[in-house]
Amino acid sequence: MGYILFQSPLFEFPRIFSRSRYIFHRPFAAPQCLGLGPYRKRWMNSTCWAVGLSGDGAGDVFDESVLKGIESGSLLGALDDPSSAPFGTVDAEITQETIDFFVSDAEGDPDCPSEGFSSIEQALKTLRQGKFVIVVDDENGEVEGNLVMAASLASPQAVTFMVKYGSGIVSVGMKEKDLERLKLPLMSPEREDDSSVPSFTITVDVKAGTTTGVSASDRAKTVLALSSPNSKPEDFRRPGHVFPLKYRNGGVLRRAGHTEGSVDLVMLAGLQPISLFSAVVDADDGSMASLPNLRKLGLEHSIPIVSITDLIRYRRKRENLVERTAISLLPTKWGLFHAYCYRSKLDGTEHVAVVKGNIGHGQDVLVRVHSECLTGDIFGSKRCDCGNQLDLAMQLIEQAGRALLFTFVVMKDEGLA
């Protein structure tokens, strides 16, 4: 079994860990991607060292003295011991091409929109003025564009415009707490966990001041009633002509859909977190409007067009997506550590950071990113080496005196494979 240690300018170690086996999968070493190495935040002059079994003689794997002679060698602890498993080293500069490989499509400037789209900031300004924006879910594939505005600013004129250019279905995106307050159950509760489909509730009409509920005026009154924090369940008739939909917690970072996108935009605009939206259709055949037709509509009526992709990028760059839930001293067989527990705001998943020493001085810190494996870590399953990797990492961290081990939850358990 071999190991790989890396020193990297790339800040997102979970991504490095998950992809490193592809970058360093070479016949000479076949490393097991321990993902352990000294790390300096934003340090761009980086070098990778792979530590594995002996090479194939092609000149890619060098004698271990190459590693022992450098400053970082002192951090390797047991691996410097001649009695440890034999290994070789690779000294390879990280090129810009490698860095680009690790950067996701959503890592660009959050304020620079995709080509042909308006910025998120422009969309937010427009929404605050009580106007429409057009939201596109996938500019590269099968496009669906929706007219979106804040439900709290709805008017008969706005609903008339939506019905004229849209599908005729007037939808309202709402958070779960508001749906529960108004006692609006899902039409299909059995599909609540299916993120591929929108979550419609029973349809409604407001009672006060409406007739049949189908006119633009009646539907605007219903939308305003749904957006009011003072409305009560008995204020509505069911079924009706307005379609509330359940917003999934986390928004577009959890589900990249129009319900989530519209509510996210309204919230970011500082308005009541309830959206009004309707899909735009082709005037000739009633199919979903193509991107050129959406842009034509936007140009004719001065409506900015934004993509959900840009909204995801905007939110990711600006929001803290985890919260710290607990801190504890953690005595272990390897030594005394501090454990920091974090919970994802998107799905509630909990992760743990185990810290040794003071890591906040901006100097090199040994980092291990470990995917939790119940059978390997706890039961010592022989079907995987997860437990052995964790044990070695903890030994090296204790010896280094300043280090971080981050554990994250994955869906599979290697020890059962």
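Derivation of every value follows stated rules applied to the coordinates shown; laboratory data play no part. Computed from a predicted structure; not experimentally measured. Methodologically, a virtual Cβ is constructed for each residue, glycine included, from the backbone with ideal geometry; neighbour enumeration extends over all protein chains shown.
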Checklist line | Distance (nanometres) between label positions extended 7 Å along Cα→Cβ at LYS183 and LYS296 | finding: 4.8
Notebook entry, point to check: For the range 283-417, how big is the tail of P(r) above 22 Å, as a whole percent of Cα pairs?
Noted result: 58
Notebook entry, point to check: On full extension of the chain, what length is gained from ALA339 through ASP138, given 0.36 nm per residue of separation minus the C-alpha to C-alpha distance?
Noted result: 68.3 nm
Next item on the list: Starting from the amide H of LEU330, placed 1.01 Å from N in the peptide plane, find each other amide H under 5 Å away whose residue is 5 or more places distant or on another chain.
Entry: PHE337, HIS338, ALA339
Checklist line | Point-charge dipole on Cβ atoms (K/R +1, D/E -1) for the range 120-317, about Cα centre, debye to 20 | finding: 800
Next item on the list: Report the full-extension gain for the segment ARG324 to ARG254: residue separation times 0.36 nm, less the Cα-Cα distance, to one decimal in nm.
Entry: 23.2 nm
Checklist line | Residues of type lysines that LYS183 reaches as a straight line, Cα spacing below 28 Å, ignoring anything fewer than 8 places off in the same chain | finding: LYS175, LYS207, LYS221, LYS232, LYS246, LYS345
Note to self: For VAL369, what residues show an amide H to amide H distance below 5 Å, using hydrogens built from the backbone and excluding near sequence neighbours?
What the structure shows: PHE406
Checklist line | Furthest towards positive pole of dipole, VAL204, ALA279, LEU224, structure part the range 120-317, Cβ charges | finding: LEU224
Item checked: Distance in nm between pseudo-label sites at GLN272 and SER196 (7 Å out along the Cβ direction from Cα) -> 3.5
